[in-house]
Amino acid sequence: MKTAFEAAEQYFEEAATVMNLTSSMRELLLIPEREVKVQVPIKRDNGEIATFVGFRIQHNSKRGPMKGGLRYHHEVNADEVLALASLMTWKTAVVDLPYGGAKGGIAVNPKDLSIDELERLTRRFVDEIHDIFGPDKDIPAPDMGTNSQTMAWIMNQYEKFHGFSPGCVTGKPVELYGAEGREEATGRGVGTLTLALLRKFGRSIESSTVAIQGFGNVGTFTAAYLQKAGGKVVAISDVSGAIFNKDGIDITAALAWVADKKSLAGFPGGESISNEALLALDVDVLIPAALGGVLTEDNAKDVRARFIVEAANGPTTPEADAIFNKKDVIVLPDILANAGGVTVSYFEWVQNQQYFRWDLGRVREELERTMTRSFDKVWSTAQEKKVSLRVAAYLVGIGRVARATTLGGI
Ligand code: NAD
């Protein structure tokens, strides 16, 4: 199987070929501007020293300060962070935010650390990289294994070096310069575009069944949004396994169960099935909202959904993507589908920079406008160029970055 970066590069090359991009421009757009790898030592609660490795990869800043999440996961490595950083460059361009792309992470299982250890780890990481990020340079945000508390620590530690700078990071708690609606934003964006996609095919959410892999931030808000819109969410899952109910799962009950038990395991609202079986269910819409690389050459042929909405980053390998194209399975690509999070992160940064607060209604309205406008642009590009929605999204994103690069020069 290709590495995450090889997969991202292949998608880039497919679009670059349709665009007739020169090889020198391809090189300029693929090579990241800066890669930083640092040692992050902390004192454990028992007095012992533990040393972790942290990354921040700044892929491209041609369209503005770089933007991208910070992931705490034991499998974080330079290749994956680079792939995700490049996806951020295309993603911010697809939704036309005045940003570039970056990504970071620490190779750590956050569940192995106490809350105090996590705080020390985060602050130490900021000590190591505070010079290379900031409101006008590179703005981190939450990703897998990090949350608004992590962002609050980052802001606090950053300000010890640079003074008051709430815009140095987004996804902060609402009480601490965060934005209303940031937590729900990615799932809400996924839900909005699922409805838009179905409409293009003359289908309605009320007559559609949905299976969602992953019941974390993105999966839960997507499930709640689609159920409220009238869809039947027949399967959900987390790392413990999947739950299936042909009559539709009561998402409110599932949320209450997970809030209490911290896992879907044992949830009585349906029968338990494997995570692999969820991907092969006979549903209208399949939404991977957990890890990357889950739809592969091996299981793509078993997928029976007509529509795949990529809520996770990089859930489909290029080999699986080719199989879906051949089977006429419509894939709404990650760089568009899950851009709601970075869009509301942008709204948060705008509010921080202007010392001005928006209410939830305004955030939701602007989010819907941004997502719908971007979807329409990608859809019309796909029709015009006769390419898949993925290639069209890359065409839009890469095109904007390439034009900014040409106009600005090197
Ligand atoms: P999260 O940590 O809140 O949730 C992840 C969920 O996936 C959990 O329910 C976990 O149990 C589940 N999971 C893990 N391994 C699994 C497996 N093998 N099978 C099934 N489920 C599994 O993370 P999140 O913030 O919801 O992010 C999910 C995905 O969405 C990631 O790919 C992330 O990069 C992407 N994403 C997130 C945001 C955001 O705003 N949070 C924005 C854009 C993209």
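Quick one: pull the percent of accessible area on the chain belonging to carbon and sulfur, 1.4 Å probe, ligands and nucleic acids left out.
With neighbouring chains kept in place, the figure for the chain is 50 percent.
Give me the net charge of LEU113's neighbourhood, meaning all other residues with Cβ under 14 Å from the Cβ of LEU113; Lys, Arg count +1, Asp, Glu -1.
Here the charged neighbours net out to 0.
With r as the distance between the Cβ atoms of ASN156 and LEU28 and R0 = 41 Å, compute the FRET efficiency 1/(1 + (r/R0)^6) and round to 0.05.
The computed FRET efficiency comes out at 0.65.
Note down, for region 85-130, the three equivalent ellipsoid semi-axes (square root of 5 times each alpha carbon gyration tensor eigenvalue), biggest first, whole angstrom.
Listed largest to smallest, the semi-axes of region 85-130 are 29, 12, 8 Å.
Less than 19 Å apart at the alpha-carbon level, and either on another chain or at least 8 residues along: which aspartates and glutamates does that give for LYS37?
Partners found: GLU75, ASP79, GLU80, ASP127, GLU128, ASP131, ASP138, ASP143.
Label points 7 Å out from Cα along the Cβ direction at PHE201 and LEU360: separation in nm?
Spacing of the two 7 Å Cα→Cβ label points: 3.2 nm.
For the chain, set up a GNM with springs between Cα atoms under 10 Å and report which of MET25, MET88, MET371 has the largest fluctuation.
Ranking MET25, MET88, MET371 by mean-square fluctuation puts MET25 first.
Among ASP282, ASP250, ASP45, which one moves the most in a GNM of the chain with springs linking Cα atoms closer than 10 Å?
Looking only at ASP282, ASP250, ASP45, the largest GNM fluctuation is found for ASP45.
Which value, in debye to the nearest 20, gives the size of the charge dipole of the chain about its Cα centre, when Lys and Arg are +1 and Asp and Glu are -1 at the Cβ?
980
Could you work out the helix-only [θ] at 222 nm for the chain, with each DSSP H run of four or more residues adding -39,500 (n - 2.57) and the total divided by the number of residues, to the nearest 500 deg cm²/dmol?
Roughly -15000 deg cm²/dmol at 222 nm, from the helical runs in the chain.
For region 51-90, what does the relative contact order come out to in percent, with C-alpha contacts under 8 Å and a separation of six or more?
In percent, rounded to a whole number, it is 55.
Quick one: which residues, 5+ away or cross-chain, put their amide H under 5 Å from the amide H of GLY314? H built at 1.01 Å from N.
Those qualifying (amide H under 5 Å, at least 5 residues apart or on another chain) are ASP334.
With the alpha-carbon atoms as the only input, what is the per residue convex hull volume for region 185-337 in Å³?
Each residue corresponds to 93 Å³ of Cα convex hull volume.
Kirkwood Rh over Cα pairs of region 263-410 into Stokes-Einstein at 4 °C, 1.567 mPa s: D in µm²/s?
The estimated diffusion coefficient comes to 74 µm²/s.
With a cut-off of at most 15 other beta carbons within 10 Å, and DSSP calling the residue loop, which trypsin sites (Lys or Arg not before Pro) in region 99-156 qualify? Please list them.
Qualifying residues, ordered by number: LYS137.
Let me have the relative contact order for region 289-410, percent, based on Cα pairs under 8 Å that are six or more residues apart.
About 21 percent, as a whole number.
Have a look at LEU70, LEU82, LEU198 and tell me which one the Gaussian network model of the chain (Cα, springs below 10 Å) gives the largest fluctuation.
The residue with the greatest mean-square fluctuation here is LEU198.
Based on the alpha-carbon set only, what is the convex hull volume of region 221-305 divided per residue, in Å³?
91
Can you compute the label reach from ASP136? Point 7 Å from Cα along the Cβ direction, backbone N cut-off under 17 Å, restricted to region 65-90.
The answer is 65-67.
Label points 7 Å out from Cα along the Cβ direction at VAL53 and LEU407: separation in nm?
So the label points at VAL53 and LEU407 sit 3.9 nm apart.
Subtract the Cα-Cα distance of ARG373 and ASN20 from 0.36 nm times their separation in residues, and report this length gain in nm to one decimal.
Working it through step by step, the gained length comes to 124.5 nm.
Taking 26 Å as the cut-off for C-alpha to C-alpha distance, list the pairs among LYS62/LYS377; LYS200/LYS232; LYS246/LYS326; LYS103/LYS301; LYS67/LYS386; LYS200/LYS228 that go past it.
Table pairs above 26 Å Cα-Cα are LYS246/LYS326; LYS103/LYS301; LYS67/LYS386.
For Cα pairs less than 8 Å apart in space and 6+ apart in sequence, what is the mean separation divided by the residue count of region 4-176, i.e. the relative contact order in percent?
Dividing the mean separation by the residue count of region 4-176 yields 21 percent.
Along the Cα-to-C-beta direction of LYS386, a point sits 7 Å from the Cα; which residues of region 3-35 have their amide N less than 19 Å from that point?
Counting backbone N atoms under 19 Å from the label point, the list is 14-20.
Give me the dipole magnitude in Debye, nearest 20, for region 185-337 about the Cα centre, with unit charges on the beta carbon: positive for Lys and Arg, negative for Asp and Glu.
480
Taking LYS261 as the anchor, which aspartates and glutamates have their alpha carbon closer than 17 Å to its alpha carbon, excluding any fewer than eight residues away along the same chain?
Once the sequence-local aspartates and glutamates are set aside, what remains near LYS261 is ASP238, ASP250.
Just need log10 I(q)/I(0) for the chain at q = 0.10, 0.13 Å⁻¹, Debye formula, equal scatterers on the alpha-carbon atoms, no solvent, rounded to two decimals.
Values returned for q = 0.10, 0.13 Å⁻¹ are -0.64, -1.12.
Can you give me the Rg/Rh ratio for region 4-176, using Cα atoms for both radii and the Kirkwood formula for Rh?
Taking Rh as the inverse mean 1/r over Cα pairs, Rg/Rh reads 1.00.
Please give the peptides 165-172, 300-307 ranked by average Cβ packing (other Cβ atoms within 10 Å per residue), highest first, as a rough proxy for protection.
Highest mean packing first, the order is 165-172, 300-307.
In square angstrom, what is the accessible area per residue of the chain with a 1.4 angstrom probe?
Heavy-atom SASA per residue in the chain reads 42 Å².
The values are calculated or read from the model by the stated rules, or taken from the named source; none is laboratory data. Predicted model, so just to flag it, every value in this text is computed and none were measured. Cβ: placed from backbone, ideal geometry, glycine included. Neighbour counts: every protein chain shown. For the accessible areas, the whole protein counts, side chains as well, though only heavy atoms, and no ligand, DNA or RNA atoms are used. Shrake-Rupley method; radii C 1.70, N 1.55, O 1.52, S 1.80 Å.
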